[in-house]
Amino acid sequence: MTTTQTPTSALTRARQHPTVRAALALPGPARAAALTLLLLPAAGLIAALTSLRTPDPHHAVPLDGPSLRSGATFKATEAHLDANLPGRAALIAAVNTARYLTTRGGTDEVTLGRGGWLFLRSELAATPSEAGYLRARADLIAALSDSLRARGITLLVAVSPNKSRVQQAQLPGGRLPGWRGDTYAAFQALLRERQVASVELLTPMRRAAAAQPQYYRTDTHWNQAGAQTAAAATAQAVRALAPALPVTRFSTVRAPSQPRPGDLLRLMGLQDVPDALRPPADQEAAQTTVAQGGGLGAGLLGAAPQVVLAGSSYGLRGNFHGALQQALGSAVLNVSREGADFSGSLRPYLHDPAFRDTPPRVLVWEIPERFLPVALADEDHTPLLP
């Protein structure tokens, strides 16, 4: 006589499995992570079978002999699953959450510091060829500075320091590793030797960090407090180079505070996970800075602002642009771009007819420190100014 296994008896037998019993015996978060890892293969298999049964003319899977022998079938299957896998984002989030809860560690790109702080691993790595790359970039900047000066334009370089250099107290060991050289000081010295105007942001940001964090916990960029610190120092340097700028008054308004998962959480794949299962997201009340009366501070030299900011994503974070205008008391045109790295926003601006027709008095070039000690892109072996 054949007996049918009820769902209850199947569940009981599953709970009695040695691996499941071991998982259930673990404490709190470790138990949840272990059970998630045990359930994911079954959930993934069900999702994969559902995906393969989903018709998709754009991702057909060939099953003929030549396709099987060449591997084309398996590549097509991977593409089909990637396009049609139900709950793909949830499965990925579950895997990343389980990894974090199990190891309480980061990833190949992110390291965990103290108190839920996250850092880029690349900022902590040794850079053997750093000196040569720093000199090459300093020479490129010096050549641009000389060319701009001949046109009556002053270049001001503002290097945004690494998060790990400003927030050292939050690193795993409370300080940068000994093999990590002082890239910031070395590059400032190279600029001084070449008589390039620069603003030193590291010292005021370190000083301010003793009382208030200057960077987001879960992001690589400066936060609003850090942006204000950097903006105040940059504005002081701009005023020294161009003391008679058109005056404009600005005001800043705040929106209600909202969670702000940073780019480091995204690198860990935890951007959509509840705070209880990851390093908690930052909280931020977004700021918007506007000119009072709607004016741009136009003066005798034309309607365009006489100061231009060409920066990386730092120029778009923490309301740095607004804080710079408010600290300077004059309008600033912001041509910063996401993913600009070293010169990604500067080159397009220098090639823009607007630069030729209405050149600024001061061009502020914001450069993230972390892009200085790496190899130059192909385009950076050529002059910046056309």
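The values are calculated or read from the model by the stated rules, or taken from the named source; none is laboratory data. In this text, all values refer to a predicted model and were calculated from it rather than measured experimentally. Cβ coordinates were reconstructed from backbone atoms using ideal geometry, including for glycine residues, and neighbour counts include every protein chain displayed. Note: areas computed on protein heavy atoms with side chains; ligands, DNA, RNA excluded. Shrake-Rupley method; radii C 1.70, N 1.55, O 1.52, S 1.80 Å.
Under a Cβ-Cβ cut-off of 13 Å, what is the net charge of the residues other than ALA233 that fall near it, where Lys and Arg count +1 and Asp and Glu count -1?
That works out to +1.
What distance in nm separates the simple spin-label points at THR252 and ALA126, each placed 7 Å from Cα in the Cβ direction?
4.1
On full extension of the chain, what length is gained from LEU385 through SER67, given 0.36 nm per residue of separation minus the C-alpha to C-alpha distance?
109.3 nm
What's the magnitude of the charge dipole for the range 170-231 around its Cα centre, counting Lys and Arg as +1 and Asp and Glu as -1 at the beta-carbon? Answer in Debye, nearest 20.
The dipole magnitude comes to about 120 debye.
Would you calculate the separation in nanometres between label points at SER147 and GLU109, each defined as 7 Å from the Cα along the Cα-to-beta-carbon direction?
Output for this residue pair reads 3.2 nm.
Please give me, ordered by residue number, the chymotrypsin sites (Phe, Trp or Tyr not before Pro) of the range 174-205 that lie in loop per DSSP and have at most 12 other Cβ atoms within 10 Å.
Answer in residue order: TRP179.
What percentage of the solvent-accessible surface of the range 193-334, computed with a 1.4 Å probe over protein heavy atoms, is contributed by carbon and sulfur atoms?
Carbon and sulfur atoms account for 54 percent of the accessible area of the range 193-334.
Mind jotting down the distance between the C-alpha centroids of the range 129-177 and the range 239-277, whole Å?
Value for the Cα centre distance between the two parts: 22 Å.
For ALA210 and ALA60, what does the FRET efficiency come to when R0 = 51 Å and r is the distance between their Cβ atoms, rounded to the nearest 0.05?
0.25
Note the full-extension length gain between ARG239 and ASP275 as 0.36 nm times their separation in residues minus their Cα-Cα distance, in nm to one decimal.
My answer for the length gained is 8.6 nm.
Can you give me the accessible area per residue for the range 218-374, using a 1.4 Å probe, in Å²?
41
What net charge is computed for the residues neighbouring ALA210, neighbours being all others with C-beta under 15 Å from the C-beta of ALA210, Lys and Arg scored +1, Asp and Glu -1?
Summing Lys/Arg as +1 and Asp/Glu as -1 gives +4.
Multiplying the sequence separation of VAL374 and ALA186 by 0.36 nm and subtracting their Cα-Cα distance, what value in nm do you get?
Computed gain between VAL374 and ALA186 is 66.2 nm.
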